[in-house]
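Okay, so here's the structure we're looking at.
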Amino acid sequence: MGKATAQRLARDGRSVGVLDIDRAGAEAVAAEIAAAGGKAIALAADMADRSQVEAAVAETRQAFGPITIVVNNAAVENFAPIGEVTEADWDRLMAVNLKGAFLLIQAVLPDMMAAGWGRIVNISGFGAQIGAPNMALYTATKGGVISMTRSMAVELGSKGITVNSVSPGFIDTPMARRAIEGDLFPVPYEQILAAYPIPRLGQAEEIAAACAFFASDEAGYVTGQLLGVNGGAAF
Ligand SMILES: NC(=O)c1ccc[n+]([C@@H]2O[C@H](COP(=O)([O-])OP(=O)(O)OC[C@H]3O[C@@H](n4cnc5c(N)ncnc54)[C@H](O)[C@@H]3O)[C@@H](O)[C@H]2O)c1
């Protein structure tokens, strides 16, 4: 989803800092964007580490100037029965999925405040809305993202900064494939999909399109919203 969103924002004319803990992955995405005529740099950072996030932000600022759009997409999953979730799992997921978003927002906020314009898009997830077996920790981090989004929107609205969340449903990505292969669900995943109003997996580009809307100039009166891109699986 991060790749599709970076590509979409680049096509919309934005200069993009592609941040990932996987340097090679970020470099490949930045190179594809450049090959397609867009502007992008690759940034290797662990979202859970304040100094790495701040260094990535500084590098992006140096390359492209003030940062006024941020999409918090990076996350890690933990698919385990609640009785088997360790304290280390808890701390890591909270650190990457929830604290990471906070760290990045805090690092770019001065640029948005100075510009009087900002777009913050946080990726949450439908599991936080409807619940999911073996995902209590993961969905707790996403519930935090939803709640943080709403409160930041209230706090920053008068500064010209919007804060919204895209809540993906079951989207065809490496993370979803790991879930499918992990045999987590009580019934085959095709049966889960068949019950959705739109009975198929979502595509990363469909998440990217929602992010692009929230990031656009035209969405200036839209804040604090949770947009489900989930085939109607949750509301
Ligand atoms: N795929 C789904 O069905 C689904 C459903 C609901 C929500 N989501 C959410 O959508 C977002 C994108 O998910 P995806 O399916 O593309 O996941 P993915 O696992 O395919 O990709 C996640 C990316 O985040 C990077 N990453 C992991 N830990 C990091 C860290 N500490 N610092 C920096 N980068 C890190 C990974 O290297 C990877 O490139 C996530 O926030 C995920 O929780 C996904």
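The values are calculated or read from the model by the stated rules, or taken from the named source; none is laboratory data. These numbers were taken from a predicted model, which means no experiment stands behind them. All Cβ positions, even for glycine, are placed from backbone atoms using ideal geometry, and neighbour counts span all protein chains on display. The area values use the complete protein model at the heavy-atom level, side chains included, leaving out ligands, DNA and RNA. Shrake-Rupley method; radii C 1.70, N 1.55, O 1.52, S 1.80 Å.
Odds and ends about this structure:
- Residue selection: PRO110 fails the criterion of being more than 14 Å from the ligand (Cβ to nearest atom), open to solvent by 40 Å² or more (accessible area, probe 1.4 Å), closer than 20 Å to ALA176 by Cβ and of a type outside the set (D, E, K, R).
- Which numbered condition SER158 misses (of (1) within 16 Å of the chain's Cα centre (by Cα); (2) over 27 Å from ILE82 (Cβ atoms)): (1)
- Screening ALA30, ALA56 for residues that are open to solvent by less than 20 Å² (accessible area, probe 1.4 Å), within 11 Å of the ligand (Cβ to nearest atom) and not charged (D, E, K, R) leaves exactly one candidate, ALA56.
Yes/no matrix, rows are residues, columns are (1) within 10 Å of the ligand (Cβ to nearest atom); (2) open to solvent by 50 Å² or more (accessible area, probe 1.4 Å); (3) in contact (Cβ under 8 Å) with a residue 60 or more places away in the chain:
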| site | (1), (2), (3) |
| --- | --- |
| GLN62 | no, yes, no |
| GLY65 | no, no, no |
| THR68 | no, no, no |
| ASN78 | no, no, yes |
| THR86 | no, yes, no |
| ASP89 | no, no, no |
| MET94 | no, no, no |
